[in-house]
Amino acid sequence: MADNQEAVGHGRLSVVRSDVEGVTVLSLYGEVDYQSVTALTRVVPAADAAAGQRVVVDLSRVTFMDSSGVNALVATYQATQAAQGWLRLVGVRGAVLRTVQLVGLDTLVACYPTVRDALAQ
């Protein structure tokens, strides 16, 4: 399923980047906060308007996310929109879901239960 994979980590967050049929899938593991958010921002693909950037972020194994994580997701959303692409979130639940809902991110970015569902849409 994955064309290629790259893993990075910083402190309490690990990110595995996979390219699946032209879609970048970022699978996050751990906590997304000020100290660890660079592990996420380093693997977000650069916006390419010609390519129509498409990104799926799997948050199903994220146990905590602060405003740094929200800001990184908003920046990714803005970049994908500018490139005529999209951002989709997967597996948002618990404390992370409360954070996403509190800031209204779920009204901007489509949320799906699984990566398969996000890729199928």
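The values are calculated or read from the model by the stated rules, or taken from the named source; none is laboratory data. Bear in mind the structure is a predicted one, so any value in this text is a computation, not a measurement. Every residue, glycine among them, receives a Cβ derived from its backbone with ideal geometry; neighbour counts consider all protein chains shown. Note: accessible area is taken over every heavy atom of the protein model, side chains too, but ligands, DNA and RNA are not part of it. Shrake-Rupley method; radii C 1.70, N 1.55, O 1.52, S 1.80 Å.
Within the shell defined by Cβ-Cβ distances under 12 Å, the residues around Gly69 carry a net charge of -2, with Lys and Arg each +1 and Asp and Glu each -1.
Contact order, relative form, for the chain: 21 percent (alpha carbon pairs under 8 Å, 6 or more residues apart, mean separation divided by residue count). Counted by Cβ distance under 10 Å from Gly30, the other residues give a net charge of 0, where Lys and Arg count +1 and Asp and Glu count -1.
A simple count of charges around Ala120, restricted to other residues whose Cβ falls under 15 Å of its Cβ and scoring Lys, Arg +1 and Asp, Glu -1, yields 0. Kirkwood radius for the chain, taken over all pairs of different Cα atoms as the inverse mean of 1/r, rounds to 14.0 Å. Using the 1.4 Å probe convention, the accessible area of the chain works out to 52 Å² per residue with neighbouring protein chains retained.
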